[in-house]
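Heads up, the thing below is written out as structure tokens.
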Amino acid sequence: MSDESTAPTGTYLTLDDGRPAIRFSRTYDHPVDRVWQFVTDPGELVHWFPSRAEIELRPGGTVTFSGDPNIEDSTGRVLAVDPPRHVSFSWGGDKLHFDLEPLADQRTRFTLTQILEAENTAARNGAGWEVCLVALDAHARGEDAGGPHAGSPAPWKKFYRGYLAAGVPSGAPVPGLD
């Protein structure tokens with residue numbers, strides 16, 4: 001991978017209420033209903049999400065996370081659901097928001113915002129989402145990237161260095177490396 005392909009695509013920001021967050025945006029050549037499947041269907045999430053995720057798609061529903069080789073299995077709660085435009089849920093102390101916007105020509109803008117419990121996780125999590133979104137991008141093109149944990153961790157390290165160089169807050173332990 002060239003350094004350009006591992007340049008950070010996430011944006012570190014401080015929300016109006018002062019909470020730190022990292023945000024990613026992609027445009028997919030699929031209608032919103034198809035991208036909704038990428039975000040909510042366990043059979044689709046397995047191709048790109050960092051752990052296996054089973055989501056009860058209702059406010060207050062349970063989200064079960066399992067199978068990530070770097071972190072323990074856990075559960076979260078669905079915070080909001082507005083099919084096929086928005087789903088948000090808790091994961092540990094963080095909150096994940098997926099927003100989908102239908103565009104012309106059956107395309108969809110996908111926005112992932114992770115609201116962080118701890119600011120020093122921004123670079124680590126940003127690099128992790130980069131690897132996951134590379135896998136989602138490939139899956140959306142009909143390619144099999146083998147999921148986010150396939151292959152060498154080197155691309156993650158390159159993304160992480162990019163976030164550090166951009167001055168994104170860092171310092172949190174890295175599961176599987178620390």
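The values are calculated or read from the model by the stated rules, or taken from the named source; none is laboratory data. Since the model is a prediction, treat every value here as computed from it, not as a measurement. Methodologically, a virtual Cβ is constructed for each residue, glycine included, from the backbone with ideal geometry; neighbour enumeration extends over all protein chains shown. The protein model used for the area step is the full one, side chains on, heavy atoms only, and it has no ligands, DNA or RNA in it. Shrake-Rupley method; radii C 1.70, N 1.55, O 1.52, S 1.80 Å.
So what is the relative contact order for the chain, in percent, with contacts set as C-alpha pairs under 8 Å and at least six apart? Please report the intermediate quantities before stating the final value.
Values: 345 pairs, mean separation 44.2, N = 178.
Value for the chain: 25 percent.
Amide H to amide H, with H built 1.01 Å from N, T75 comes under 5 Å of F65, counting only residues 5 or more places away or on other chains.
Calculate what fraction, in whole %, of the accessible area of the chain sits on carbon and sulfur atoms when a 1.4 Å probe is rolled over the protein chains.
The nonpolar share, carbon plus sulfur, comes to 49 percent.
Mean-square fluctuation check for the chain, GNM, Cα pairs under 10 Å: which of D73, D17, D137 is largest? Of the options given, D17 has the highest mean-square fluctuation. Projecting the Cα atoms of P155, V32, A80 onto the dipole axis of the chain, where Lys and Arg carry +1 and Asp and Glu carry -1 at the beta carbon, places P155 farthest toward the positive end.
Counting each DSSP H run of 4 or more residues in the chain as -39500 (n - 2.57), what helix-only mean residue ellipticity at 222 nm follows after dividing by all residues, to the nearest 500 deg cm²/dmol?
Working: 4 runs with 44 residues, N = 178.
Taking each H run of at least 4 residues, the total per residue is -7500 deg cm²/dmol.
In the chain, a dipole from Cβ-located charges (positive for Lys and Arg, negative for Asp and Glu) runs towards its positive end, and of L116, S170, G92 it is S170 whose Cα lies farthest in that direction. Shape descriptor for the chain: Rg over Rh equals 0.93 (Cα atoms; Rh from the Kirkwood inverse mean 1/r). Rounded, prolate or oblate, given the Cα gyration tensor of the stretch 24-92, with a/c below 1.5 counting as rounded? The shape class here is oblate. Name the shape class, rounded, prolate or oblate, that the alpha-carbon gyration tensor gives for the stretch 114-178, where a ≥ b ≥ c are the square roots of its eigenvalues, rounded holds for a/c under 1.5, and otherwise prolate holds if a/b is larger than b/c and oblate otherwise. Cα axes put the stretch 114-178 in the prolate bin.
Give, rounded to the nearest 20 debye, the magnitude of the charge dipole that the stretch 70-178 has about its Cα centre when Lys and Arg contribute +1 at Cβ and Asp and Glu contribute -1 at Cβ. Display every interim value, and only then the final one.
Values: 10 positive and 14 negative charges, 48 e Å.
For this selection, approximately 220 debye.
What are the membrane-span-like helices in the chain by this rule: whole DSSP H runs, Cα extent along the axis at least 24 Å, mean Kyte-Doolittle hydropathy at least -1.0? Can you show the working numbers first?
Values: long enough: 122-140 (26 Å, 0.49).
Result, helices passing both filters: 122-140.
Placing pseudo-labels 7 Å out from each Cα toward the beta carbon at D16 and D33 gives an inter-label distance of 3.3 nm.
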